[in-house]
Ligand SMILES: [Mg+2]
């Protein structure tokens, strides 16, 4: 593993000699960042999201237990394992540490070999957990986000943009005459078609924050944060065109001799006292309009 890709360990320890020792012992295997107090630890963790944290309980400013609670309350950091380091060895401290959300506990003086073994174990657990999470979020057929993770992302962006007052757009995407496609080419053919539509849709997105997910069956949905209707219509047209140029033959289609898409876009400025259901319903309505106007097209509207 190249140095750049090695897991990172955040060492939070105020005793300079111990901090230097830990850095020397662990630095051959992992990328190391250090902090000598709680405030710096929280700032650093928020900045670069470590893979694991070694956390001294006795710190000069914030108590290590409090640092742990704050780390665990940040959604980006809640699953980062925390190993407490402490000179105190009473069972009560151990219970305090675990109640604060810590994952493990090592008493000083520290045995480097034991510490390294524990770190490896926790990193491995985290990797397995991350992989399970990734699978749970993904649609097996297309590799796109599934509906559940789309709903999570949508709710998160809704709340974020309700604070900043910026627009949020969604595009509902439907493969035209897909039932006929399956009837003609079989379900295996249908699956291949959906995979190609997924790849093409994804390739038409322009910004890193834009996401396309499988919404169910032959329906996909795109989430475009900080995007006005005009921008969303440009993306919708790009997705439509990206699939059209594939010219996937569809001899039973009444719209074109190949696979086409209908798309419905909607845009709004999220309000804190509302939820995204109205935005999705508006996009659905536009999709319906695109269908009834002849398919193979995009329609969109702003939602007041
Ligand atoms: Mg200390």
- Message: Per DSSP helix of 4 or more residues, -39500 (n - 2.57); summed, then divided by the residues of the chain. What does that give at 222 nm, rounded to the nearest 500?
- Response: -15500 deg cm²/dmol
- Task: Round to a whole angstrom and tell me the spacing of the C-alpha centers of the stretch 180-232 and the stretch 242-304.
- Result: 11
- Note on the structure: Its Cα gyration tensor gives the stretch 1-52 an equivalent ellipsoid whose semi-axes in whole Å, largest first, are 18, 15, 5
- Whole-number value, in Å³ per residue, for the convex hull of the alpha carbons of the stretch 3-135 is 103
- Message: Restricting to bridges with both residues inside the chain, how much of the DSSP beta-bridge set is antiparallel, in percent to the nearest 5?
- Response: 50
- Message: Suppose a student asked you for the relative contact order of the chain, using Cα pairs under 8 Å spaced at least 6 residues apart; what percent would you report?
- Response: 13
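Counting residues in the stretch 73-201 as N, plug N into 2.2 N^0.38 Å and put the Cα Rg over that result. Please list the in-between numbers first.
On the way: Rg = 23.4 Å, N = 129, 2.2 N^0.38 = 13.9 Å.
The stretch 73-201 yields a ratio of 1.68.
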- For the stretch 210-279, state what percent of all Cα-Cα pairs lands in each successive 10 Å bin, counting from 0 Å until the bin that includes the largest distance. 17, 43, 28, 10, 2
- Mind jotting down a quarter of the surface of the convex hull over the alpha carbons of the chain, in square nanometres, one decimal? 19.1
- At q = 0.09, 0.18, 0.21 Å⁻¹, work out log10 I(q)/I(0) for the stretch 147-302 with the Debye formula, treating every Cα as an identical point scatterer and leaving solvent out; two decimals please. -0.27, -1.00, -1.29
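Can you say what percent of the DSSP beta bridges in the stretch 1-147, counting only those with both residues inside, are antiparallel? Round to 5. Please report the intermediate quantities before stating the final value.
Numbers: 1 of 18 bridges.
Beta bridges within the stretch 1-147, antiparallel portion: roughly 5 percent.
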- Roughly speaking, what is the centre-to-centre gap between the stretch 57-74 and the stretch 107-148 when only Cα atoms are used, to the nearest Å? 22
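Read the figures in this text as sums done on the coordinates, not as results from a lab. This is a predicted model, so every value here is computed, not measured.
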